[in-house]
1. Would you give the gap between the C-alpha center of the stretch 406-425 and the C-alpha center of the stretch 168-182, rounded to a whole Å?
2. Enter the angle in degrees (range 0 to 90, nearest 10) between the Cα long axis of helix 52-75 and the first principal axis of the Cα atoms of the chain, meaning the one along which they spread out most.
3. Angle, helix 134-165 long axis vs. longest principal axis of the chain, Cα atoms, 0 to 90°, nearest 10?
4. Could you put 28, 73 in order, starting from the residue whose Cβ has the fewest other Cβ atoms within 10 Å?
5. Based on the alpha-carbon gyration tensor of the stretch 175-259 and its eigenvalue square roots a ≥ b ≥ c, which shape applies: rounded if a/c is under 1.5, prolate if not and a/b is larger than b/c, or oblate?
6. With n ≥ 4 as the cut-off for DSSP H runs, can you work out [θ] at 222 nm for the chain, using -39500 (n - 2.57) per run divided by the number of residues, rounded to the nearest 500?
7. Using Cα atoms only, what is the angle between the long axis of helix 77-97 and the major principal axis of the chain, expressed in degrees (0 to 90) to the nearest 10?
8. Sort the chain into rounded, prolate or oblate with this rule: let a ≥ b ≥ c be the square roots of the eigenvalues of the Cα gyration tensor; rounded if a/c is under 1.5, and if a/c is not under 1.5, prolate when a/b is larger than b/c, oblate otherwise.
């Protein structure tokens, strides 16, 4: 990959646009949380199907992320980056104008497809701009990395503000002027960077995306249709068949989306499992905590968004300031294991929520413990996954670990939603039964986090001597 050296002011503006891209794709996962109850009322979502507003975006994002990276390699990062913004703009407009659940979910999937084009091409463009200067690259990646928790924090706050004082469609419309500005600036700020010859693994992309979608759909619908019903078994069977086909295609194809041999590294496999279960525990917590605040405690949209700010602010501070220093001292493996364990403790504490509870007693302390665990585990597991593959496979490893987190988020939310619905989370208007369902969701998420801690302890190899190398892999 060639490195481009445009004038310094222009390079700084280009970095700002790249960081904005990372900010936006993460913000779009969190900004809808506070708006969900109003969307449910206006569009007619059932309680158990409400999670699809999140899952439609995440499945498209995670399922197409590797394809987005491949397209960036073949057709040029700038072209794919611009295409991603255009796709995000169209999806955002459609999501805001939606008048039915079906249209809303299709629009969210289009948004996710746009994010899947933006994210890998943005990182490629960053490497083109700063890759030959280690000090500048470290600074650029620090800014890029900080944009993710900043996007999560801004999404929660803006979602509450917009929903309270405008209306829920504006959580999507806010993307439109930003995407239009990004499209205008991309041609003048970003290096052209030609593509290269090669082929697209369209079969792999289709089978992995539809397989994940079928798995999530089958799990979400199982409490209503029955776990042993013909519909559930057929859907989950189709998911297994599609995902099995994906693995078979990857093993036999000359230019696959994922070279399966990369998983020969125990640390890469172990760190990806940690990321998968981290997403599978964290996202359900965030989803059901939003619902508890509004549907049980009676918070309106803006106070609900503001109530989650301490948690998201702690995550941002922890990821930027605390986790890298602690990893340098203790190594990655202890951080991953302890972070997931602390997250499990916080989730277990949240399971004690009461129908007549309060933010200060039932939500704030437990959510801060969970946030601390998330911030301790995320960066070390991400760095371990990328560093374990070696420099020549860093791009592929980065794509795989991003997919692991997104897939874990979607599958975890589907499973926990099914458990919560079975325990009463679908009984709108009954605070006691809703709380019982939400409590079951937090317990299930705690089990997922604890399983992640155990598996990380068993599968990841590491010592304190490896910490500097792992820390460099996070920064590089």
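Values in this text are rule-based calculations from the coordinates and carry no lab data. Computed from a prediction, not measured in an experiment: that's the story for all the values here. Cβ: placed from backbone, ideal geometry, glycine included. Neighbour counts: every protein chain shown.
1. Distance between centres, Cα-based: 29 Å.
2. So the inclination is approximately 10 degrees.
3. It works out to around 30 degrees.
4. On the way: 28 27, 73 18.
If I rank by nearby Cβ atoms, fewest first, I get 73, 28.
5. Working: a/c = 6.13, a/b = 1.62, b/c = 3.77.
Oblate is the answer for the stretch 175-259, as a/c is 1.5 or above yet b/c matches or exceeds a/b.
6. On the way: 19 runs with 363 residues, N = 476.
Using -39500 (n - 2.57) per qualifying helix, the result is -26000 deg cm²/dmol.
7. With rounding to tens, the tilt is 20 degrees.
8. On the way: a/c = 1.37, a/b = 1.30, b/c = 1.05.
Verdict is rounded for the chain.
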